[in-house]
Amino acid sequence: MALSQDISPVNSEVMEALVHSGKLEWIPQRFDPDRHFMKVLWVGPETGRAAVLIRSLQGSVTPRHKHLGDAHVFMLKGSLRVRDSDLVAGDYLYEANGMIHDETKALEDTEYLMIMSGPILFFDGDSLLGYQGWEEFHRDQQEHSA
């Protein structure tokens, strides 16, 4: 029986994204290149979204920051202090657009998946330390694989 509606893709550029993350190398992060790394799994220029696998070695600190889009975090292993909570493997955290929080600290070697709907601003007091969004993830991925 034929469908009553045409469901063929309008955009021929739409495609699946399959990433074998085990084959990707860890990319050092600017704010702590010796203890904080990432693997860029996907960036979506049309939406500003990104999916990133993060690896933080024990004692690594992510500076104070503000989310300019919501973020979903799923802990794969280790322990991470976010505000007053300790996240462990299997925990899920949702951070709303506009969330500001102080540093995030790896209490032990940690890996987590972060899916972001917008960039993050890192700051210290009144000083902007950096901006990280899909374009930076894309650039870092291109530079590291070159």
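Given an 8 Å cut-off on Cα distances and at least 6 residues of separation, report the relative contact order of the chain as a percent. Before the final figure, lay out the partial values.
Values: 314 pairs, mean separation 35.9, N = 146.
Relative contact order for the chain comes out at 25 percent.
Provide the net charge surrounding Arg49, with neighbours chosen by a C-beta distance below 13 Å and charges set as Lys +1, Arg +1, Asp -1, Glu -1.
Numbers: positive: none; negative: Glu46, Asp70, Glu135.
Summing Lys/Arg as +1 and Asp/Glu as -1 gives -3.
Hey, rough spin-label estimate for Lys66 and Tyr94, points 7 angstrom out along Cα→Cβ, what's it come to in nanometres?
Taking the simple label geometry, Lys66 and Tyr94 are separated by 2.3 nm.
What is the count of Lys pairs in the chain whose alpha carbons sit under 21 Å apart, if the two are 8 or more places apart or on different chains? Before the final figure, lay out each step's value.
On the way: Lys23/Lys39; Lys23/Lys77; Lys39/Lys77; Lys39/Lys105; Lys66/Lys105; Lys77/Lys105.
For the chain, the number of qualifying lysine pairs is 6.
Helix 134-145: angle to the longest alpha-carbon principal axis of the chain, degrees 0 to 90, nearest 10?
The angle comes out at about 80 degrees.
Have a look at Leu57, Leu128, Leu76 and tell me which one the Gaussian network model of the chain (Cα, springs below 10 Å) gives the largest fluctuation.
Ranking Leu57, Leu128, Leu76 by mean-square fluctuation puts Leu128 first.
Scan the chain and report its longest stretch carrying no GluC sites (Glu not before Pro) that are both in a DSSP loop and have at most 10 other Cβ atoms within 10 Å. Can you show the working numbers first?
On the way: sites that count: Glu13, Glu16, Glu25, Glu46.
Between the exposed loop sites, the longest stretch runs 47-146.
Rounded to the nearest 500 deg cm²/dmol, what is the calculated helix-only ellipticity per residue at 222 nm for the chain, with -39500 (n - 2.57) per DSSP H run of length n ≥ 4? Walk me through the numbers before you get to the answer.
Numbers: 1 runs with 12 residues, N = 146.
That calculation yields -2500 deg cm²/dmol at 222 nm.
Label Arg81 and Leu3 with points 7 Å out from Cα along Cα→Cβ: what is the distance between them in nm?
Inter-label distance under the simple model: 5.2 nm.
Treat every Asp and Glu Cβ in region 24-145 as -1 and every Lys and Arg Cβ as +1, leave all other atoms uncharged, and give the resulting dipole magnitude about the Cα centre to the nearest 20 debye.
100
Using +1 at the Cβ of each Lys and Arg and -1 at the Cβ of each Asp and Glu in region 1-123, identify which of Tyr94, Leu24, His72 lies farthest towards the dipole's positive end.
Checking the options against the dipole of region 1-123, the answer is Leu24.
Read-outs throughout are calculated quantities, based only on the coordinates presented, and are distinct from any laboratory measurement. Here the structure is a predicted model, which means the values were calculated and not measured. Neighbour counts run over all protein chains shown; Cβ positions are idealised from the backbone, glycine included.
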